[in-house]
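Colleague: Here it is: the structure, laid out below.
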Amino acid sequence: MTFDLERLRASLLPEPLSGHFVQEDGVDDQPLTPAAVLFPIVLRDGGQTVLLTQRTAHLRDHAGQISFPGGRVEVEDLSPSHTALRETEEEIGLPRERIEILGFLPEYRTGTGFRVTPVVALVQPPFDLRPDPFEVAEVFEVPLAFLLDPANHQQHSLHYRGALRNYFAMPYGDYFIWGATAGMIRSLSERLGLLHGT
């Protein structure tokens with residue numbers, strides 16, 4: 001299944017909006033560290049896929065988790081797009097000339113202390129990736145249609161910092177996509193009107 005790219009483009013924010021955000025369970029009044037990720041949609045012949053990374057097990061933040069390429073905003077970054085493109089190039093070696101930014105999802109605030117701007121982009125094959133072995137254990141692709149289908153969105157809960165937190169997960173084969181990554185995917189499903197009642 002291929003997705004209507006014009007519908008996708010129309011569902012996104014043309015620029016990041018302050019005060020417009022999605023918040024995980026467990027976000028308190030702590031200051032949040034600004035970050036940005038690339039939500040990379042690969043234009044494969046058999047249908048669009050989403051490029052994801054599995055983080056290495058020794059990292060301080062979100063070790064071993066499946067995530068979009070991205071990271072903290074640095075002083076020299078001019079915009080969330082700049083952060084997302086820089087981090088993507090550093091983490092997996094995806095060149096900027098293969099990437100076309102479509103728009104933005106609402107800022108995503110995590111219970112682990114980040115406020116993340118998701119930058120949605122198209123990626124044009126072919127490309128050669130050079131994952132940073134310190135940060136990235138694996139790079140893989142999942143069909144976009146699978147991720148956006150609410151039938152594949154599971155609700156889970158866990159005890160974290162003394163309270164029960166609810167979160168979404170989208171298991172795919174051996175991969176357990178959950179937390180902020182699943183939350184941002186669900187945010188796109190919602191903006192596309194794919195969730196019941198939207």
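Colleague: Against the definition (buried (at least 19 other Cβ atoms within 10 Å of the Cβ), assigned to a loop (DSSP other than H, G, I, E, B) and of a type outside the set (Lys, Arg)), how does Leu8 come out, yes or no?
Modeller: Criteria not met by Leu8.
Colleague: Exactly one of these conditions fails for Gly113: (1) over 26 Å from Asp174 (Cα atoms); (2) without any contact (Cβ under 8 Å) to a residue 40 or more places away in the chain; (3) out of contact with any helix residue (DSSP H, G or I) (no Cβ under 6 Å at 6 or more places or on another chain). Give me its number.
Modeller: All conditions pass for Gly113, except number (2).
Residue-by-condition table, conditions (1) basic (Lys, Arg); (2) under 12 Å from the mean Cα position of the chain (by Cα); (3) farther than 12 Å from Phe68 by Cβ:
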residue	(1), (2), (3)
Pro106	no, yes, yes
Val116	no, yes, no
His159	no, no, yes
Trp178	no, yes, yes
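Colleague: Among the residues in region 177-190, are any outside any helix (DSSP H, G or I) and at pLDDT 95 or above?
Modeller: yes
Colleague: Here's another thing I want to ask about it. When you look at Leu122, is it within 21 Å of Arg191 (Cβ to Cβ), crowded, with 17+ Cβ neighbours inside 10 Å, in contact (Cβ under 8 Å) with a residue 12 or more places away in the chain and among the hydrophobic types (A, V, I, L, M, F, W, C), yes or no?
Modeller: The answer is yes for Leu122.
Colleague: Which one of these is surrounded by 15 or more Cβ atoms within 10 Å (Cβ to Cβ) and farther than 25 Å from Leu12 by Cα: Phe114, Phe134, Phe104, Phe127?
Modeller: On inspection, the qualifying residue turns out to be Phe127.
Colleague: Would you check if Glu15 is surrounded by fewer than 18 Cβ atoms within 10 Å (Cβ to Cβ), in contact (Cβ under 8 Å) with a residue 24 or more places away in the chain and not in a strand (DSSP E or B)?
Modeller: yes
The values are calculated or read from the model by the stated rules, or taken from the named source; none is laboratory data. Values in this document were obtained by computation on a predicted structure and should not be read as measured data. No Cβ is skipped: glycine too gets one built from the backbone with ideal geometry, and neighbour counts run over all protein chains shown.
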